Amino acid sequence: MAEARVVHRLDRSLGSGRLAGLLTGIAGERPGYRALAQGVRTLLLDGRVPLHTRLPAERELASALAVSRATVTAAYDVLREGGYARSRRGAGTWTELPAGRRPSSVAVFPAGDDVLDLAIAAPGAPEAELTEALGAAAAMLAEHAPTPGYHPYGIPALRAAVAERFTRRGLPTLPDQILITTGAQHALSLALALLGRPGDRVLVENPSYPNALDAIRRAGLRAVPVPVTEDGWDSGLIESSLRQAAPRLAYLVPDFQNPTGALMPREQRVRILDTARATGTWLLIDETIADIALDVPPPAPFASLAPHGAGEQVVTVGSLSKSHWGGLRIGWVRAGSKLITELAMARVPVDMSTPVIEQLVALRLLRGVDDVLRARLPRLRAQRDALAASLARHVPEWRWQVPPGGLSLWVDLGRPIASSLARAALAHGVRIEGGSRFGADPGTHEHRLRVPYTLPPAQAEQAAIRLAATLTEDLRTPDTAPDRRPWVA
Ligand SMILES: Cc1ncc(COP(=O)(O)O)c(C=O)c1O
């Protein structure tokens, strides 16, 4: 029964040429079959080969790798014995994960006074500006207080201010193309529910922002993962996935991707736009982190690269959560005005509208956004450097690439211990999530840890010391925790 279900879900396969291209660094390793099995296992745990992907036929892979068929047969045996593959006569061999590697995560844990919270990659508010904006909002309230205060589309002045900012960033936008939402998360859920039907496919990055992946699952949509690393995206694979799976939607975070920090180059954006137009796929572009451009100029909106008229198929979401404060719960959708009307109709049964006072505060904050970022970005840069220095000092075996922007390091632990490390870290006063929480396929990215640099340097140093202390524990315990999904951001 379970097997039938797995076979039913098998809708992706990997060609021998592609797998051979991914298997770098195994040539010459002895014994060859073990190196091959280890290579495939690493690709699977890394998310570069998705779970439940049909592996090439033995003969084809042997020929692509210029090894004997017996080597591939033995490697597939090793993978099966370890629980990393399954085979069925006539159906081939596909990737699997051993039962103990099923999704797991630490319990929801209220961060107490002495707990350093590294599960949330979001900064605190710019306090002085927030206080000033609250005062300004109180003064503006007189205009709104006599009205009922329900604005399903958002208050007109804020829609205009968000539209004006898109225009300033290179994407001409009218206020009626903007819907104000209760954060980007709300915007994502609305767009997924309106554009997708249960069972539809959604191309997603792997790893990706967990709450978006959860929203996709909850909407009954089927994720089609494509790998992303700190080195970026594979355009060829995205294009072939779009063409083969013809997904209804593609959810992408092109600006300082969460959790890898990668920034998608312009040519890749153009290619994705072209392919998605050909396959009729909606592009759901999450620009929540776009303002956190630390080493590069702020990226232009993704939709600004669409040829005239084609931009309608791009739905952009954003928010003030990273530039200002997540506690405001102010986000938006930018899309064609017809779609905005449909989204506004869809949000009424959920929350009617976003609170007016928060919108007035946001309006004021948006006016000074450049000043806030001028102060915020150098601080984040300094915190990023301080965190990197602390980790290098206390956990020198860990590796990472410094991302050009965003709020976290995507750390390679060198061994697949992230879930047990995260669980053990709680006892040492650190709340953090293992990489698998970001995996589109459960149980992958176990050798990764997302470490935000949102804490001040002294706390980052403490966190590094505590994580190093955690490493002295036995972290090889098989992971059998039930699937509890704590919240991260
Ligand atoms: C990529 C991405 N999208 C959306 C969100 C949610 O943003 P908001 O707080 O505006 O709902 C986050 C927050 O971490 C994020 O990283």
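Is there a residue in region 148-169 that is of a type in the set (A, V, I, L, M), touching a His at 6+ places or on another chain (Cβ under 8 Å), away from the ligand (no atom under 14 Å from the Cβ) and not in a strand (DSSP E or B)? The answer is yes, given that some residue of region 148-169 is of a type in the set (A, V, I, L, M), touching a His at 6+ places or on another chain (Cβ under 8 Å), away from the ligand (no atom under 14 Å from the Cβ) and not in a strand (DSSP E or B). So, in region 243-254, exactly how many residues are out of contact with any Leu (no Cβ under 6 Å at 6 or more places or on another chain) and under 18 Å from Thr316 (Cβ atoms)? Here the count works out to 4. Criterion applied to Ala310, Ala303 was being surrounded by fewer than 21 Cβ atoms within 10 Å (Cβ to Cβ) and either more than 15 Å from the ligand (Cβ to nearest atom) or modelled with pLDDT of 95 or more (or both), and the one residue passing it is Ala310. I'd like the full set of residues that are hydrophobic (A, V, I, L, M, F, W, C) and either farther than 20 Å from Pro247 by Cα or in a helix (DSSP H, G or I) (or both), limited to region 313-343. Listed by number, the residues that qualify are Leu320, Trp325, Leu328, Ile330, Trp332, Val333, Leu339, Ile340, Leu343.
With respect to the conditions (1) touching a residue at least 12 places away in the same chain (Cβ under 8 Å); (2) part of a loop (DSSP other than H, G, I, E, B); (3) away from the ligand (no atom under 16 Å from the Cβ), Ala290 falls short on a single one, namely (3).
Do we have any residue at all in region 78-86 that's closer than 17 Å to Gly21 by Cβ, buried (at least 16 other Cβ atoms within 10 Å of the Cβ) and not small (Gly, Ala, Ser)? No, there is no match, as no residue in region 78-86 is closer than 17 Å to Gly21 by Cβ, buried (at least 16 other Cβ atoms within 10 Å of the Cβ) and not small (Gly, Ala, Ser). If you go through region 203-229 and keep only what is under 27 Å from Thr42 (Cβ atoms), surrounded by 24 or more Cβ atoms within 10 Å (Cβ to Cβ) and away from the ligand (no atom under 15 Å from the Cβ), you end up with Leu203, Pro225, Val226. One residue stands out in region 420-463 among those that are within 18 Å of the chain's Cα centre (by Cα) and among the small types (Gly, Ala, Ser): the one that is surrounded by the fewest Cβ atoms within 10 Å (Cβ to Cβ), namely Gly443. Across region 6-35, the qualifying residues are those that are of a type outside the set (A, V, I, L, M) and assigned to a loop (DSSP other than H, G, I, E, B), and the one among them that is modelled with the highest pLDDT is Gly15.
When Leu273, Leu283 are screened for being away from the ligand (no atom under 12 Å from the Cβ), free of Cβ contacts under 8 Å to residues at least 60 places away in the same chain and assigned to a strand (DSSP E or B), only Leu283 passes.
Only a single item in (1) in a loop (DSSP other than H, G, I, E, B); (2) touching a Phe, Trp or Tyr at 6+ places or on another chain (Cβ under 7 Å) is not met by Ala300, and it is number (2). Within region 362-380, identify whether any single residue is assigned to a loop (DSSP other than H, G, I, E, B) and at positive phi, and answer yes or no. Within region 362-380 (the criterion being assigned to a loop (DSSP other than H, G, I, E, B) and at positive phi), the answer is no, since none of the residues qualifies. State whether one or more residues within region 247-269 are closer than 23 Å to Ala184 by Cα, within 15 Å of the chain's Cα centre (by Cα), assigned to a helix (DSSP H, G or I) and at pLDDT 95 or above. There is no residue in region 247-269 that is closer than 23 Å to Ala184 by Cα, within 15 Å of the chain's Cα centre (by Cα), assigned to a helix (DSSP H, G or I) and at pLDDT 95 or above.
Determine whether region 331-344 contains at least one residue that is over 23 Å from the mean Cα position of the chain (by Cα), polar (S, T, N, Q) and either at pLDDT below 95 or within 16 Å of the ligand (Cβ to nearest atom) (or both). There is no residue in region 331-344 that is over 23 Å from the mean Cα position of the chain (by Cα), polar (S, T, N, Q) and either at pLDDT below 95 or within 16 Å of the ligand (Cβ to nearest atom) (or both). Every listed requirement among (1) touching a Ser or Thr at 6+ places or on another chain (Cβ under 9 Å); (2) more than 15 Å from the ligand (Cβ to nearest atom) is met by Val350 save one, (2). With respect to the conditions (1) over 23 Å from Leu373 (Cα atoms); (2) surrounded by fewer than 23 Cβ atoms within 10 Å (Cβ to Cβ); (3) of a type outside the set (A, V, I, L, M), Pro265 lacks only one, and its number is (1).
The values are calculated or read from the model by the stated rules, or taken from the named source; none is laboratory data. In this text, all values refer to a predicted model and were calculated from it rather than measured experimentally. FYI the Cβ positions are ideal-geometry reconstructions off the backbone, even for glycines, and counts take in every protein chain you see.
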